[in-house]
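Below you'll find the structure, written out as C-alpha cells, and then a few comments.
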Amino acid sequence: MRLARKHRASEKRAASIAACVGAAVVALPILAVTGTANAQPITFAQFSEADNLANPNLFAYVDNGPGGDAELITSNNGTSNDPTVASIPVVFNYQSISPYLPADLQGNQDATLTLTCSTKDDVFSAGADVDAQEFEAGGETDDVLTITRDTPAAEGGGTRTNLLTMYFYPAVLTGFSYYGGTETPQLFGGETIGSYIYYSSDFLNFGAGSVVDSDFSMTFSSWTSYDGNGLEFSPVDGYFAEATAAGTGTFDTSPEYISVPEPASLGMLATGMLLMARRRKRSRA
C-alpha cells in the first residue's frame, strides 16, 4: 500500500502546480509556456549528454531517508547508492542566438554540467496516475545548474568558460509513478508555476525581466530505480525511490531580456530577435 503523501505547500499552490504538471506531462518532453506581452519566449540554449559514454545514467535521484531531504544531482559514478556530486560531460548549443555570437561559440560546445537541487517536500498527486515533487528553496543544497566549456573561449583573453549558470526555485519533478512507470520523468520550472530563474553567462547578458519570464525543461530517459523499475515511490518515506537516469535540457527566455555583451553585436541581435518574434506571432495568428 502506498505511503501517505503530503506536501507543505498550500492547497491553492498545490492545485496550481497540479494543473501545470498535468499539462506538462501531456506535452513531454518540452513544457510550453506563455510569453510576455512583448514577445514569445525563445529556446536560446540546450544540452545533451556526450554520446561516447559507457553509462549515460549520470543523473541521480537520492533519498536521504525520513527527516532528510531528496536530491536530484549529477553523479559521475552512475549510482544513487553512494552519490557524489560531480561534473558530467555534455554537448551544449546556443540556439536562436547562435548566428549573433562569435564563430567559436556557434555549434556544438564540449562542456561539463553540474546539477544540485534538494527538497523536503513529499510527492503529491498531480492528476490521474501522475505524481510530482516540488523542489523549492529550503532544501539542504542550492538549486543550481552550471555548464562549463571544456576550454576557454577566444573571447575574454582566454578566461571565459561559463556557458550558462542557472539558479532556480521552485521546480517540479513529475511523471507517471504507478507500478514503476516507465514514462519519461521531467524536471521543469517557469512562470507557469511561479518559478524564479536567474541566468548568468560569460557570453550573454540577461535583463532583470528574465528572472520571472524564463523557463527550463529537463527530460530524463532510462530512469532506473533501485529495483530496476522506472519512476516509483520510496519504500521508506514520502519521496520517490532512489534512481539514476540520463538527461537532456532546454532553456528559454523572452528575446527582449537577452543580448550579446559586445556593442557591435547588440543592435544586430535585438533586430534579429524582434523580427523572429514578429514572424512567430504572424505564424500563430
Intensity falloff of segment 122-229 expressed as log10 I(q)/I(0), Debye formula with alpha-carbon point scatterers, at q = 0.15 Å⁻¹: -0.77
Once you have the Cα-Cα distance between Asp104 and Glu140, take 0.36 nm times their residue separation minus that, and quote the gain in nm to one decimal. 9.2 nm
Sorted by Cβ density within 10 Å, fewest first, the residues Arg160, Arg149: Arg160, Arg149
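Sorted from fewest to most neighbouring beta carbons within 10 Å, what does the list Thr151, Thr119 look like?
Thr151, Thr119
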Going by how many other Cβ atoms sit within 10 Å of their own, how do Val260, Val91, Val172 line up, fewest first? Val91, Val260, Val172
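Throughout, read-outs are computed from the coordinates displayed, never taken from laboratory work. Note that this is a predicted model, so its numbers are computed, not measured. FYI the Cβ positions are ideal-geometry reconstructions off the backbone, even for glycines, and counts take in every protein chain you see.
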